[in-house]
Each structure stands twice: as C-alpha cells, then as structure tokens.
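Student: Please find one structure pasted underneath; my questions will follow.
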Amino acid sequence: MSANHGWRNHPGKMKITYSNGTPSDTANTTEEALEIIAAAKGVDAADLITDDSGDRTLVWLSEEDAENDDGAKAVAQITE
C-alpha cells in the first residue's frame, strides 16, 4: 500500500467503481482517476492510500482503513 506512490499509470480508459453506489466514472490514467476520487470524497489526492498489487487498484481514505483490509473498507477501485 502506498500514499499515492507507485500506482499504475497506464494510458487508456480506467474505470472507477465507488463502494457506496455512486455512479462509476472513467479516467485516462490512474493518476487522473485518483484526482476524480479525491474530488468526490472532498480530500486531497495525495492523502489517498492505494494498493495496486492485483488486477485493480484499491483506494482508501486512511491508513487505518487500509491496514489488513482485503478491500472491504476501500472507498473505490480502479480497473482497466
């Protein structure tokens, strides 16, 4: 997990799926997706916690939520 360091930054359409049922968004890069998520959650993108160790990037609002979490507490996920 990282505080926005080392995420994927693949060009192409990235799909943002929010865990609370907010309609999905799309972005051209993971960095852009993180900016969109941050704006939707009212936080700074640099403060988001990410984990891109699988086929998706999970996004949390805090280290506490991300710690030992399999994604259940993530506020969003980003997929290609």
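Student: What are the semi-axes of the equivalent ellipsoid for the chain, taken as the square roots of 5 times the Cα gyration tensor eigenvalues, largest first, in whole Å? Can you show the working numbers first?
Tutor: Working: eigenvalues 55, 37, 29 Å².
With the √(5λ) rule applied to the chain, the semi-axes are 17, 14, 12 Å.
Student: Could you work out how far apart the two model spin labels at A72 and D55 are, taking each label as a point 7 Å from the Cα in the direction of the beta carbon, and quote it in nm?
Tutor: 2.3
Student: Also, I was wondering about something else. Projected onto the charge dipole of the chain (+1 at Lys/Arg Cβ, -1 at Asp/Glu Cβ, origin at the Cα centre), which of N68, I36, S24 gives the Cα projection farthest towards the positive end?
Tutor: Positive-most Cα among the choices belongs to S24.
Student: Reachable aspartates and glutamates from K73, Cα under 12 Å, same-chain residues fewer than 8 places away excluded?
Tutor: E63, E64, D65
Student: Beta carbons within 10 angstrom, averaged per residue: use that to sort the peptides 34-46, 14-26, highest first.
Tutor: Listed from highest to lowest mean packing, they are 34-46, 14-26.
Student: Follow-up. Please give the charge dipole size of the chain, origin at the Cα centre, charges +1 on K and R Cβ atoms and -1 on D and E Cβ atoms. Round to the nearest 20 debye.
Tutor: Computed charge dipole of the chain: roughly 360 debye.
Since every read-out is calculated from the coordinates, none of them should be taken as a lab result. Owing to the predicted nature of the structure, the values given are computational and were not obtained by experimental measurement. All Cβ positions, glycine included, derive from the backbone under ideal geometry; neighbour counts span all protein chains shown.
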